[in-house]
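Undergrad: Here it is, the structure, as structure tokens.
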Amino acid sequence: MSELKYVGKSFKRKDGPDKVTGKAVYTQDVKLPNTLIGRVLRSPHAHARIVRIDTSRAKALPGVKAVITVEDTKGIKHGFVETPRYPPDQEVLARGKVVHVGEEIAAVAAVDQITAQKALGLIDIEWEILPAVFEPEDAMKPDAPQIHPSHPKAPGKHSNIGGSTETQWGDVEQGFAESDYVREDRFECQLRTHGYLEPHATLAHWESDKLNVWTSSMGVFVKRAKLAKVLDLPFSSVRIHKTYVGGTFGGKIDLYSHEYCASRLSMITGRPVQITASREEIFSAFRHAQPLILEIKTGVKKDGTIVAQRIRAINNAGAFRGSGVVVIFLAWGFTMIPYRIPNLKYEGLSVYTNHTVRAPQRGHGAPKVRFAIESQMDMIAEALGIDPITIRMRNAREPGEELPNGDNTHRGGLAACVELAAEKSDFLAKVGRNLNSPVKGSIRRGIGIGASAYMGGTLIYPNGSGVIVKMNDDGSAIVLTGAIDIGQGSETVISQIVAEELSIGMDDIKIISADTDVTPQDIGAWISGNTYVTGNAARQAAGNAREKLLQVAAEKMDVPVEHLLCRDKVVYHRLNPEVKMTYREIIAASIATHRGDTIIGEGFWRTMRDEPTHPSLATTKGRWTENYAFSAQVAEVEVDIETGEARLVKALTVHDCGFPINPALVKGQIDGQISMALGHAFMEEVLTKDGYTLNPNWLDYRMPTIHNMAISEDADVITEQYRVGQSYRTKEVGEGLISGILAAMGNAVYDATGVRLYSTPFSAEKILAGLRALEYAQKNAKPGDKVRA
């Protein structure tokens with residue numbers, strides 16, 4: 001690692017200058033002549049039958065160029081998940097009935113925004129209102145209003161079950177019988193939105209039998225596949241162009257109706273059509289995160305060793321399947337990874353309700369799962385008289401440990417993370433200090449810890465990434481990659497890898513990315529696999545180009561290839577550095593003697609290359625990933641016991657990301673996740689009533705600002721190495737570090753106040769209610785009772 005020149009160093013971002021100077025082109029910045037403005041008509045009802053729809057007055061309005069309803073579509077359904085068990089279940093526009101407030105019914109294209117909006121008001125709809133249901137446990141009842149029929153393979157006789165996950169190993173009941181201490185708890189998490197600053201925006205232009213699309217997304221190849229499918233077009237007729245993306249956090253993966261509508265309206269009119277969602281639309285009608293209910297029963301020995309665990313997860317999936325069946329699968333995975341559980345039984349249910357459809361959000365269920373498990377872990381430790389560090393160290397998975405699904409932890413470093421986090425935070429000296437020696441005044445300070453683990457890359461379409469490295473005559477390189485940079489720094493990381501493998505400068509590399517007609521296929525910026533999968537493809541492509549350079553140089557120098565090395569665009573003889581050729585000379589020689597070969601390197605990478613497909617969402621059988629990243633996080637909070645207000649003062653993240661290719665980018669990912677977790681813990685919540693969003697704007701939806709940020713410190717546990725010419729096993733750092741810190745904040749609030757919170761957010765109202773309950777319990781306690789809320 002000490003010999004590396006580019007990998008492992010904090011180079012400035014490739015996209016940095018464009019973004020800070022305002023040169024970056026986002027979807028809304030793309031301007032085409034004669035562009036029409038599109039608008040989408042949305043349902044005002046949570047559940048209603050469409051008796052009649054009349055668009056004639058809208059079509060007759062001067063300036064309106066096209067109006068579409070579901071009758072103008074091919075009726076092809078789509079879904080976040082499209083498998084034989086879970087076929088696509090959603091049309092691009094409502095057919096027959098609507099199932100949530102804001103569902104898309106029709107779309108118009110007009111010469112300007114005012115005309116388009118007026119046209120929506122001229123569409124006449126006759127409704128038959130249907131009963132609605134909004135809470136998942138109510139929706140599961142046999143007599144609940146039916147949103148969709150329950151999945152035929154769903155367990156029990158529940159209503160509105162979109163999908164389920166069931167798995168177990170060992171004998172859970174026997175494990176509980178053999179346990180010295182057993183406890184059961186229930187945890188809930190609130191509804192949150194993603195908080196991306198750039199709204200959803202799409203520009204589509206049908207020209208010469210080709211659909212050109214600019215859209216804010218997380219993966220151009222996934223978007224092309226879904227859009228081509230619902231439009232019934234060959235992939236070759238759809239081109240997704242690159243634009244910069246102003247934040248996603250999981251909220252821009254799937255196909256959205258406005259993307260279809262802009263495309264279809266352009267195909268009808270022959271003119272470009274742009275649709276940009278308002279912030280109110282995004283809050284009220286677009287996809288939010290997955291709220292979970294978690295019921296956990298855990299049995300342990302006296303020393304805190306876990307013997308058995310039973311978990312039931314219930315997901316409010318909204319009005320269509322969305323990613324609901326994925327999050328209940330992932331909740332099992334995020335339970336399985338960090339700690340050894342000899343006996344486990346898991347059930348996950350994804351439930352339809354009359355809310356907007358749900359989508360992944362950074363961590364995709366991990367923050368909720370780890371909040372629940374890590375909170376209960378602290379409760380068990382206290383009941384047994386064990387400190388929070390010891391109980392975690394006792395159960396932490398070891399390096400090289402095989403997981404129940406056949407995966408392996410490889411060099412996973414959870415125990416090392418917990419140990420270092422405890423040392424750096426002086427945890428054991430601080431925990432319990434308020435209990436042992438209460439302080440004066442209204443401010444109480446507490447400390448808490450949470451552990452987590454996250455996967456890095458799995459088999460989801462398109463399953464693999466390709467990269468092409470084209471050498472220029474002067475020895476510089478053009479890199480073609482389908483990777484999309486959504487702020488995580490993928491173009492910078494790919495450049496560092498190519499620079500290291502080819503021994504050329506960062507400024508010698510030009511990235512062309514995220515264009516379905518120009519670049520190779522790529523997995524996209526999700527499933528936390530970009531650096532591992534696309535990065536290895538880039539390493540392989542650059543290595544392929546390097547091998548060609550060395551081969552031509554060996555021929556011209558008349559020496560074996562193994563006697564040559566590359567350094568700063570020159571190939572040297574290892575034993576006689578005076579014998580050398582520049583890359584420029586080698587490329588010229590290659591063209592002259594290798595039938596015009598300009599030296600182009602190709603690289604392809606697929607995680608779990610020997611696995612035929614992804615694991616079963618229903619049974620969890622099958623390999624999940626090759627890479628697990630482990631972490632331990634410590635939070636220090638302050639709580640005002642007079643107002644109930646709590647704030648994060650300091651966060652410490654100790655993580656095993658394998659090795660950091662760019663430490664500055666890693667630090668940015670950590671700080672961003674601390675900010676999002678802080679919002680999850682203390683501020684954010686989408687408030688709804690009868691399916692309507694009550695706080696559909698930034699003023700009423702509280703998100704962290706710079707004034708809310710805490711001190712964020714971090715430390716690496718290095719478990720892997722990067723070597724030129726060899727594949728590497730780096731681990732994710734973009735999602736998993738939002739989880740342990742949420743649990744740590746909950747545990748820290750308890751340490752500060754004695755109030756145990758079982759739901760997020762940790763609001764002032766909940767804390768004050770807990771303090772009042774604690775005060776009442778203390779007043780009524782009998783001699784010898786130990787009272788903590």
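The values are calculated or read from the model by the stated rules, or taken from the named source; none is laboratory data. As the structure is a computational prediction, the values presented were derived from the model and not from experiment. A quick note on method: Cβ atoms are made from the backbone with ideal geometry, for glycine too, and the neighbour counts reach across all protein chains shown. Remember, those area values only see protein heavy atoms, side chains included, never the ligands or the DNA or RNA. Shrake-Rupley method; radii C 1.70, N 1.55, O 1.52, S 1.80 Å.
Undergrad: Which lysines does K621 reach when only Cα atoms under 19 Å apart count, and residues fewer than 8 places away in its own chain are ignored?
TA: K153, K345
Undergrad: Starting from 0.36 nm per residue, how many nanometres of slack lie between H707 and Q168 once their C-alpha separation is accounted for? Intermediate values should be presented prior to the final figure.
TA: On the way: separation 539, 0.36 × 539 = 194.04 nm, distance 4.54 nm.
My answer for the length gained is 189.5 nm.
Undergrad: Please state the relative contact order of the chain as a whole percent: Cα pairs under 8 Å, 6+ residues apart? Before the final figure, lay out the partial values.
TA: Details: 1999 pairs, mean separation 120.8, N = 789.
Relative contact order here is 15 percent.
Undergrad: How large a share of the accessible area of the chain, in percent, is made up of carbon and sulfur atoms when the probe is 1.4 Å and the other protein chains stay in place? Can you show the working numbers first?
TA: On the way: 14990 of 29750 Å².
Summing carbon and sulfur atoms, their accessible area is 50 percent of the total for the chain.
Undergrad: In nm, to one decimal, how far is the modelled label at V579 from the one at N436, with both set 7 Å along Cα→Cβ?
TA: Rounded to a tenth, the inter-label distance reads 7.0 nm.
Undergrad: Based solely on its DSSP helices, what 222 nm [θ] is calculated for the chain when runs of n ≥ 4 H residues each add -39,500 (n - 2.57) and the sum is averaged over all residues, nearest 500 deg cm²/dmol? It would help to have the intermediate numbers written out before the result.
TA: On the way: 20 runs with 220 residues, N = 789.
Result for the chain: -8500 deg cm²/dmol, rounded to the nearest 500.
Undergrad: I would also like to ask the following. Could you give the size of the charge dipole of the chain about its Cα centre, using +1 on the Cβ of each K and R and -1 on the Cβ of each D and E, expressed in debye and rounded to the nearest 20? Intermediate values should be presented prior to the final figure.
TA: Numbers: 92 positive and 94 negative charges, 136 e Å.
Rounded to the nearest 20 debye, it is 660 debye.
Undergrad: Net charge around V649, counting only other residues with Cβ within less than 10 Å of its Cβ (Lys, Arg = +1; Asp, Glu = -1)? Spell out each step's value before the answer.
TA: Details: positive: R445, R647, K650; negative: E636, E638.
Taking every other residue near V649 into account, the sum is +1.
Undergrad: Let me ask you something else. What ³J(HN,Hα) values, in whole Hz, does the Karplus curve 6.51 cos²θ - 1.76 cosθ + 1.60 give for segment 239-249 when θ = phi - 60°, with x put for Gly and Pro?
TA: Going residue by residue, I get 10, 9, 8, 6, 9, 5, 10, x, x, 9, 6 Hz, with x marking Gly and Pro.
Undergrad: Could you give the dipole magnitude of segment 54-135 about its Cα centre, charging the beta-carbon of Lys and Arg +1 and that of Asp and Glu -1, in debye to the nearest 20?
TA: On the way: 9 positive and 13 negative charges, 57 e Å.
So the magnitude is around 280 debye.
Undergrad: Return a whole-number percent for the relative contact order of segment 681-737, with Cα pairs under 8 Å and 6 or more residues apart as the contact set.
TA: Working: 25 pairs, mean separation 11.4, N = 57.
Taking the mean separation of contacting Cα pairs over the length of segment 681-737, I get 20 percent.
Undergrad: Among rounded, prolate and oblate, which fits segment 303-457 when a ≥ b ≥ c are the square roots of the eigenvalues of its C-alpha gyration tensor, a/c under 1.5 means rounded, and a/b larger than b/c means prolate? All intermediate terms of the calculation are to be shown ahead of the outcome.
TA: Numbers: a/c = 2.14, a/b = 1.41, b/c = 1.51.
Oblate is the answer for segment 303-457, as a/c is 1.5 or above yet b/c matches or exceeds a/b.
Undergrad: Using r as the Cβ-Cβ distance of I478 and A592, and R0 as 25 Å, what FRET efficiency do you calculate, to the nearest 0.05? It would help to have the intermediate numbers written out before the result.
TA: Details: r = 21 Å, r/R0 = 0.85.
Here the calculated transfer efficiency is 0.75.
Undergrad: Moving on. Give, as a single signed number, the net charge of other residues whose beta carbon lies under 9 Å from the beta carbon of D15, with Lys and Arg counted +1 and Asp and Glu -1.
TA: Numbers: positive: R13, K14, K19; negative: D18, D485, E491.
Here the count lands on 0.
Undergrad: Sticking with this one: Ordered by packing density, taken as the mean number of other Cβ atoms within 10 Å over each peptide's residues, highest first, how do 257-266, 379-388 rank?
TA: Numbers: 257-266: 26.9, 379-388: 17.6.
By packing density, highest mean first, the sequence is 257-266, 379-388.
Undergrad: What's the ranking of 696-705, 88-97 by average number of surrounding C-beta atoms within 10 Å, highest first?
TA: Listed from highest to lowest mean packing, they are 88-97, 696-705.
Undergrad: So with the 1.4 Å probe, I'd like the accessible area per residue for segment 120-195, rounded to whole Å².
TA: Numbers: 3850 Å² over 76 residues.
Here the per-residue accessible area is 51 Å².
Undergrad: Using a Förster radius of 25 Å, what is the FRET efficiency between T643 and N780 based on their Cβ-Cβ separation? Nearest 0.05, please. Walk me through the intermediate numbers first.
TA: Working: r = 25 Å, r/R0 = 1.01.
Plugging the Cβ-Cβ distance into 1/(1 + (r/R0)^6) gives 0.50.
Undergrad: Could you order peptides 637-644, 711-718 by the average number of other Cβ atoms within 10 Å of their residues, highest first? Numbers along the way, then the final one.
TA: Values: 637-644: 18.8, 711-718: 17.1.
Going from most to least packed, we get 637-644, 711-718.
Undergrad: Next question, about the same structure. Under a Cβ-only charge scheme (Lys and Arg +1, Asp and Glu -1), can you give me the dipole magnitude of segment 362-479 about the Cα centre, in debye to the nearest 20? It would help to have the intermediate numbers written out before the result.
TA: Working: 14 positive and 13 negative charges, 140 e Å.
Here segment 362-479 has a charge dipole of around 680 debye.
Undergrad: Can you tell me which aspartates and glutamates have their Cα less than 16 Å from the Cα of K210? Leave out same-chain residues fewer than eight positions away.
TA: D232, E259, D515, D517
Undergrad: Enter the Cα centre distance for the pair segment 66-107 and segment 200-222, rounded to the nearest angstrom.
TA: 19 Å
Undergrad: List the lysines whose Cα lies under 29 Å from the Cα of K14, skipping any in the same chain that are fewer than 8 positions away.
TA: Correct list for K14: K5, K23, K31, K223, K242, K252, K470, K510, K548, K569, K667, K731.
Undergrad: Sticking with this one: Can you give the extra length, in nm with one decimal, that the chain gains between A24 and K302 once fully stretched, where that is 0.36 nm per residue apart less the Cα-Cα distance? It would help to have the intermediate numbers written out before the result.
TA: Values: separation 278, 0.36 × 278 = 100.08 nm, distance 5.88 nm.
Additional length available on full extension: 94.2 nm.
Undergrad: Report the net charge of residues surrounding T305, where surrounding means a beta-carbon distance below 10 angstrom and charges are Lys +1, Arg +1, Asp -1, Glu -1. Working shown, then result.
TA: Numbers: positive: K301, K302, R340, R394; negative: D180, D303.
Charge balance in the 10 Å sphere: +2.
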